[in-house]
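Right, one structure below, let's go through it.
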Amino acid sequence: MATRSGEHGDPVVLDIDGFEVRISNPLRPYFSARGETKLDLANYYLSVGPGIVRALRERPCMLHRFPDGVDGDKVHQKRIPRGAPPWLETVRLHFPRWGLHADELCVTRLADVIWAVQMSTVEFHPWNSRRADTETPDEWRIDLDPMPQAPYAAVRRTAQVAHEVLDELDAVGWPKTSGGRGLHIYVRIAPEHGFAQVRRAALAFAYEVERRLPDHVTTQWWRKDRPGDAVFVDYNQNARDHTIAAAYSVRGNGLGTVSAPLTWAEIGDAEPDDFTIASMPARFARVGDLHATIDDSPYDMTQLLEWADRDERDGAETPPLAET
């Protein structure tokens, strides 16, 4: 539906560390549960600024835009549109399958995030590699994705076992809610392997979690083959151009849930809907960025790749990988 000029408020200009970002239609409702607006969304990201910038810094980033609020249509946008401010930084990506390239947002400062909000971005989905070498990931992502009938208790139990395996590997995992019904665990890795190898290592880890928790966990490639009450350890989130919501990213639902960093001790009690754009600013002010030192403990994936070699020798299936 067309709107009249000024119907959702006069534009607001925000000064963010010396960079001006104009927010048009600041009073447009974005979240139906409590009525937060586009300007509320910008203020949320300002409140968690160090966290969201750290999560996105120097990474190619796909934008999930909701021009009419989260109850309207979603737009997946890779390319930065013409007319972006000259200070906005990008990274060029090549997609061999299509013979195309895209200049994606590459956040280096908080003003970049707020500019994306002005473009109606709610969710930020970064790559697990950085601009200096986009073909070599520095982040391994463990995505605990529950099937429709899986209780959240199964997600918690899977996270506990994943933590045990990480400890045995001497790898430091950084958990967060997905903003939905799942959990994510990030591990910084030495940028020494391409996407295919990181995915092999992630699959070997998933197989090990499944061995230890066969009644709760699945690694089945095809969704139709997965038990309806299982937790899928989604290793494919480590494939090239596969992305998930960043830490501190808001999700596109009426409640405005947030993909919120947690301590391991919190997983047993925290509920996904505890973390929203309404509750997270106070939490961030209280506990700070729980992922603040995520870059300090890179993990060498050699042992996991040895597990992958072992599994393949033993006849484990390597699921197909679509080209990008």
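Structure notes:
- Percent RCO, i.e. relative contact order, over the chain, from Cα pairs under 8 Å lying at least 6 residues apart: 19
- With an a/c value of 1.5 or above and a/b not larger than b/c for the gyration tensor axes a ≥ b ≥ c computed over the alpha-carbon atoms, region 27-116 is described as oblate.
- Centroid-to-centroid separation of region 1-70 and region 129-174 [C-alpha atoms, Å]: 29
- Taking every Cα-Cα distance in region 1-65 and sorting them into 5 Å bins from zero, the calculated P(r) comes out as 4, 14, 19, 24, 21, 12, 5, 2 percent.
- Protein accessible area in region 1-76, 1.4 Å probe - carbon and sulfur %: 47
- Computed over region 60-143, relative contact order equals 36 percent, with contacts defined as Cα pairs under 8 Å that lie 6+ residues apart.
- Taken along its principal axes, the alpha carbon cloud of region 210-324 reaches lengths of 51, 36, 33 Å, longest axis first.
- Low-density loop cleavage sites - trypsin sites (Lys or Arg not before Pro) in region 204-251, where at most 10 other Cβ are within 10 Å (DSSP): none
- Projected-area average for the chain over all orientations - Cα convex hull basis, square nanometres: 17.2
- Sites listed here are trypsin sites (Lys or Arg not before Pro) in region 5-66 whose DSSP assignment is loop and whose Cβ has at most 15 other Cβ atoms within 10 Å: Arg34.
- Hydrodynamic radius of region 213-278 per Kirkwood, over alpha carbon pairs, in Å: 14.3
- About the centre of its Cα atoms, the chain shows a dipole size close to 980 debye [charges on the beta carbon of Lys, Arg (+1) and Asp, Glu (-1) only; nearest 20 debye].
- Taking 0.36 nm per residue of separation and subtracting the current Cα-Cα distance, fully stretching the chain between Ala278 and Trp264 would add 2.8 nm.
- For region 238-302, the fraction of 1.4 Å probe accessible surface lying on carbon and sulfur atoms is 51 percent.
- Candidates per GluC sites (Glu not before Pro) in region 54-161, loop by DSSP, up to 16 other Cβ within 10 Å: Glu89, Glu135
- Summed over qualifying helices (DSSP H, 4 residues or more, each -39500 (n - 2.57)) and divided by its residue number, the chain shows a 222 nm mean residue ellipticity of -8000 deg cm²/dmol.
- FRET efficiency estimate (nearest 0.05) - Cβ-Cβ, Ser24 to Leu100, R0 41 angstrom: 0.85
- Sequence-distant lysines (8 or more away, or on other chains) whose Cα lies within less than 16 Å of Lys74: Lys38
- Extreme residue, positive dipole direction of the chain, given options Val258, Tyr44, His242 (C-beta unit charges): Tyr44
- Within a straight-line Cα-Cα reach of under 20 Å, Lys78 cannot be paired with any lysines, leaving aside sequence neighbours fewer than 8 residues apart in one chain.
The values are calculated or read from the model by the stated rules, or taken from the named source; none is laboratory data. Just so you know, these numbers come straight off a predicted model, no measurement behind them. Glycine gets a Cβ as well: all are built from the backbone with ideal geometry, and neighbour counts include every protein chain shown. Accessible surface areas use protein heavy atoms only, side chains included; no ligands, DNA or RNA. Shrake-Rupley method; radii C 1.70, N 1.55, O 1.52, S 1.80 Å.
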